[in-house]
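Sharing a structure below in structure tokens format, with a few things to ask.
The values are calculated or read from the model by the stated rules, or taken from the named source; none is laboratory data. Because the structure is predicted, anything quoted here is derived from the model rather than measured. Cβ placement follows ideal geometry from the backbone for every residue including glycine, while neighbour counts extend to all protein chains displayed.
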Amino acid sequence: MFLTDARVEGRRQVARAMWVITLDAPEVAATVKAGQFVNLGLNPGPLLRRPFSVYRAIEDRIEVILQAVGAGTAQLLALREGDLVSCLGPLGRGFEIRSGGRSAVLISGGLGVAPMPVAARDARAAGLQVTWVHGARSAEDLCSESDGDAVIVATDDGSAGFAGTSVAAAPDADLVLACGPNRMLAAVAGRWPDAQVAVETYMGCGTGVCLGCAVPLKRGGYDLACTEGPVYRAGDVDWAALPSHLHYAATA
Ligand SMILES: Cc1cc2nc3c(=O)[nH]c(=O)nc-3n(C[C@H](O)[C@H](O)[C@H](O)COP(=O)(O)OP(=O)(O)OC[C@H]3O[C@@H](n4cnc5c(N)ncnc54)[C@H](O)[C@@H]3O)c2cc1C
Ligand code: FES
């Protein structure tokens, strides 16, 4: 885990309300695994850092994808090239992507695209044929960037690609990875209990101290998403007890 003052290198829009910010963070870029996240802090800014999946890692730079939902995200989107943001990471336990099998399907809903480019990179490096299925409410909400040997898009209103959810549009594969609203991940669990899913939770410290990121488990008890997650075997999570109202749900 590294703590660095990362320089903002650029910003681009990739959907109606989705932006990608590029940060100079060499140590994080060199070590991050798909599904891991960074905690970004601003001073002045919200008291607590905010967690964001690493969207891409290219040479010395990482990218995060976000939309403004509150004070922290609005401040990040207002940063200009050359500004500094405090970056702690990589954090959490990412996707386990091993050789073996032939195919991987990456299923994302809305902002759930966030860990997928790095997941596509790692799955391809493991010799897997990668299909990325990306779903959103409508065509304007679909991320304009994608990765994978094949790409399937799905929209709730049928304005682009498959009319329906990304889960319904996804083919079977040897490895299933998913990220998006918790109700979408619950549907993934119903179809592929062995899928690996990156769950959404509130987070405070991001390092296992505040207990603010509890994930209820089917076997009873709770895990801490920041250190033991945020990636889980889909069938292990008690989806009915996990909040499904977080804002990822508004865009998938
Ligand atoms: C492991 C992890 C990875 C994440 N990756 C991304 C990412 O790649 N891109 C991205 O845009 N967001 C991501 N999030 C969500 C992001 O951290 C929150 O949107 C952010 O913390 C909100 O901060 P804020 O100050 O703007 O909003 P706040 O003022 O704190 O809250 C505004 C609204 O956002 C909701 N919210 C707050 N925290 C979260 C949260 N953790 N998850 C979902 N909704 C929340 C609140 O309920 C409220 O409705 C991730 C969250 C986690 C736990
Ligand atoms: S966010 Fe503080 S313990 Fe997980």
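Please state which of the following conditions residue 21 fails to meet, knowing it meets all the rest: (1) away from ligand 2 (no atom under 16 Å from the Cβ); (2) surrounded by 14 or more Cβ atoms within 10 Å (Cβ to Cβ); (3) free of Cβ contacts under 8 Å to residues at least 40 places away in the same chain.
(3)
Continuing with the same structure: Taking the condition of being within 12 Å of ligand 1 (Cβ to nearest atom) and surrounded by fewer than 17 Cβ atoms within 10 Å (Cβ to Cβ), how many residues in the stretch 163-204 meet it?
Qualifying residue count for the region: 2.
Of all residues being within 20 Å of residue 177 (Cβ to Cβ) and more than 9 Å from ligand 1 (Cβ to nearest atom) in the stretch 205-226, which is nearest to the chain's Cα centre (by Cα)? Just the residue, please.
Of everything passing the filter in the stretch 205-226, 215 is nearest to the chain's Cα centre (by Cα).
So, restricting to strands (runs of 3 or more DSSP E) that lie completely within the stretch 166-230, which ones have at least 1 residues that are touching a residue at least 12 places away in the same chain (Cβ under 8 Å) and away from ligand 2 (no atom under 16 Å from the Cβ)?
Values: elements: 175-179, 196-198, 214-216, 222-224.
It comes to 175-179, 196-198.
Still on this structure: With the condition kept exactly as written, say whether any residue in the stretch 142-155 is part of a helix (DSSP H, G or I), surrounded by fewer than 19 Cβ atoms within 10 Å (Cβ to Cβ) and charged (D, E, K, R). Outline the logic, then answer.
In the first step, residues of the stretch 142-155 are kept if they are part of a helix (DSSP H, G or I); the result is none.
There is no residue in the stretch 142-155 that is part of a helix (DSSP H, G or I), surrounded by fewer than 19 Cβ atoms within 10 Å (Cβ to Cβ) and charged (D, E, K, R).
Among the numbered conditions (1) surrounded by fewer than 23 Cβ atoms within 10 Å (Cβ to Cβ); (2) under 19 Å from the mean Cα position of the chain (by Cα), tell me where residue 231 comes up short.
With respect to (1) surrounded by fewer than 23 Cβ atoms within 10 Å (Cβ to Cβ); (2) under 19 Å from the mean Cα position of the chain (by Cα), residue 231 is out only on (1).
Is one or more of the residues making up the stretch 79-87 among the charged types (D, E, K, R), within 21 Å of the chain's Cα centre (by Cα) and on the phi < 0 side of the Ramachandran plot? Explain how you work it out, then say what you get.
Going through the stretch 79-87, the residues among the charged types (D, E, K, R) turn out to be 80-81, 83.
Pick out the ones that are also within 21 Å of the chain's Cα centre (by Cα) and you get none.
No: the stretch 79-87 contains no residue that is among the charged types (D, E, K, R), within 21 Å of the chain's Cα centre (by Cα) and on the phi < 0 side of the Ramachandran plot.
What's the total number of residues in the stretch 59-75 that are crowded, with 16+ Cβ neighbours inside 10 Å, modelled with pLDDT under 95 and more than 17 Å from the chain's Cα centre (by Cα)?
Number of matching residues: 2.
So, one more: Pairs under 9 Å by beta carbon, first residue without any contact (Cβ under 8 Å) to a residue 60 or more places away in the chain in the stretch 65-83, partner assigned to a helix (DSSP H, G or I) and hydroxyl-bearing (Ser, Thr, Tyr), six or more apart or different chains?
Sorted first by the residue in the stretch 65-83, then by its partner, the pairs are 66/73.
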